[in-house]
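Below: the structure, in structure tokens.
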Amino acid sequence: MAEHESPFKMSADEIALYLSGGAEPGSVKHEEAKAALAWRMAQMQAGSTSGSVVPDTDPGPAMPELEPEQQRLLAQMVEGARGVARQEQEWVMIRYGRGVFLEGPGIGREEVVEGDVRMLEREALIEAIRFSRRQGNPTYVLTPQGRSYYTALQGNDPGSRQDAELRRFLDSETFKADYPRAYAKWSGAEILLWQADSEGEFTTVGHKVREALQEFATEAIARYAPADVEANPASVNLRLGAIIAEFRPTLGEARAKLLIALGNYSEATLAIVQRQEHGAQKEGQELT
């Protein structure tokens, strides 16, 4: 192996994939991705951006040890960055009276513990790119290490693994083949979601999600052909309920109860989608 060559044959995208649910925790791929991430972070912490620094055979801890509030703060920044243009992905730390505030995407203007911000900076998860002239307030941006840490953190979270499992199902070739129109609507809604930066665009996301649910019900009815189907495409739960009713005698009591519970969950989901689509006008609440 060349002097500056990485000992791991994984790209950054592969590392992110395996640590965000693409591999089971404890599996060979998952452990290799953790080690590869540690190797990359060791390079960056040594001041290298070109792969010229190779750490000792022991890559050290996979991630810096942060307190929960520090992890939450980093997560707010990473998730907030998704919805804004790259040049707007900046956060300013402001001292006002005895308080310290962080202002930027995903946070708004929130009082923070200065030590939490400094810890993220010390661990090279964020970087100060400039300071105000009068008060010296720093403006921060996320570093590649910060984004990688967040990805790894999500991969270790049970809820995130469930999300990843659901995503793998929706992105599977089987689902795409069986429900092509529903998948197309879901994909369009997701793409728009991360580009949306106004209430008007978020209501469009809600509209596309509602269309996706309707398409899924229509395609499921065509697939299973239940009797006594509600004709109105907008009545998603009634239409899906017809499929459950058709097969309930063969499902068994436990599965039937589970599907009924999922039906209640679906009704709540549809209510949220309709609220999103209509811009929360009746409730007078902010979207998202």
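Sorted ascending by nearby beta carbons within 10 Å, beginning with the fewest, F131, F175, F202 become F131, F175, F202. Across all C-alpha atoms in region 68-150, the radius of gyration and Dmax reach 11.8, 35 Å. Under 5 Å between amide hydrogens, built in the peptide plane, is the criterion, and for V100 it picks out V112 among residues at least 5 positions away or on other chains. Between the beta carbons of K29 and R134, assuming R0 = 45 Å, the FRET efficiency works out to 0.30 to the nearest 0.05. When each of V229, V84, V28 is scored by the number of other beta-carbon atoms lying within 10 Å, the sequence from fewest to most is V28, V84, V229. The 3J(HN,Hα) values that the Karplus relation (6.51, -1.76, 1.60; θ = phi - 60°) gives for region 118-129 are, in residue order, 5, 5, 4, 5, 4, 7, 6, 8, 9, 9, 7, 9 Hz. Gly and Pro appear as x. With neighbours defined as other Cβ atoms within 10 Å of a residue's Cβ, the residues D116, D228 order from fewest to most as D228, D116. For the pair R98 and R122, the difference between a 0.36 nm per residue extended length and the Cα-Cα distance amounts to 6.4 nm. With each label modelled as a point 7 angstrom along the Cα→C-beta vector, the R255-I191 pair spans 3.6 nm.
Coordinate-derived values only; no laboratory data. Computed from a prediction, not measured in an experiment: that's the story for all the values here. Quick reminder, even Gly has a Cβ in these numbers, built from the backbone with ideal geometry, and neighbours come from all protein chains shown.
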